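Just so it is clear, none of the values below were taken in a lab; they were calculated from the coordinates. Everything numeric in this text was worked out from a predicted model, so none of it was measured. Every residue, glycine as well, gets a Cβ built from its backbone with ideal geometry; the counts of neighbours run over all protein chains shown.
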Amino acid sequence: MTASRDDRTTLLSVEGLGISFGGLKAVNDVSFAVKPGEIVSVIGPNGAGKTTLFNMISGVYQPGAGRISLNGEEVTGMEPHLLARRGMSRTFQNLQIFQSMTVLENAISGFHLQERGSVLADLLGLPASRRRAGAAEEGARKLLARVRLEEEADREAGNLSYGSLKRLEIARAMASQPKILLLDEPAAGCNAVETEEIDHLIAEIAASGVAILLVEHDMKMVMRISNHIVVLDHGEKIAEGDPATVSRDPAVIAAYLGAEARTGGDHA
């Protein structure tokens, strides 16, 4: 199964990806591609394998089958910090925010992956270390302005609204200047106003040329902002295409109606 919609512009290529746990195929033979500046959403009922797929792409899980390429380089099974240096960053379903640190300190922490200085220089406060710290703070403040949190810089992160925490996590993920940003349910737990803010932020990041790979349960948001959608069910890709095409696909409708029947109407 081919992953490419246009090999000349593909940033991320996923080909035949699969993984099993205890003999159960959690993800099986999934392929798709993501272009620069494109928003690609992965959707499906609960248990469809979306986060497992994300974990393989981002190096948390070692795939049992298939290959992943980033910017033409095979990166299958590469560790997250090495992927970050090659232009991939991600957020998680559960917030990874340091609640007792300030908003600015949280944003600064995202720059650590880029640092190459010595620990001794940092301990001694040498000029090179001070320059790095100054550059990290300047970059963090720019990111906070980008996610509209600059006025909250000195506030303890634990005092922010949930939607603001989600935007702070995106800011921190952007510190590594990624070519592709993986967002795992960025609007989960947010109210309508917070979801709209995140919606606009994602669109702005994509417009700057950063590719977005998104897992999200808010179907209104997915249909609004996605250029391309990949649909999973029971670990397999059952459909893909633009939002209009996917929303009319009989296999997609059946998968979601089946999920509704199994859960009594509470489905993603």
| query | Could you give the length gained on full extension between residue 99 and residue 133, defined as 0.36 nm per residue of separation minus the Cα-Cα distance, in nm? | reply | 10.1 nm
| In deg cm²/dmol, rounded to 500, what helix-only [θ] at 222 nm does the chain give when every DSSP H run of at least 4 residues adds -39500 (n - 2.57) and the total is split over its residues? | -11000 deg cm²/dmol
| said: I want to verify a result. In a Gaussian network model of the chain, Cα cutoff 10 Å, which of these has the top mean-square fluctuation: 247, 208, 69? | reply: 208
| query | So what is the relative contact order for the chain, in percent, with contacts set as C-alpha pairs under 8 Å and at least six apart? | reply | 26 percent
| task | Highest first, please rank the peptides 17-30, 168-181 by the mean number of other Cβ atoms sitting within 10 Å of their residues. | result | 168-181, 17-30
| task | Report, by chain and number, residues whose modeled amide H sits under 5 Å from the one on residue 233, excluding near sequence neighbours (fewer than 5 apart, same chain). | result | 238
| remark: Projected onto their principal axes, the Cα atoms of the chain stretch, largest extent first, over whole-Å spans of 61, 39, 37
| remark: Expected unfolding gain across residue 155-residue 86 under the 0.36 nm per residue rule, minus the alpha-carbon gap, is 21.6 nm
| request: Could you tally up the Lys pairs in the chain with alpha carbons closer than 16 Å? Skip any pair fewer than 8 positions apart unless they're on separate chains. | output: 4
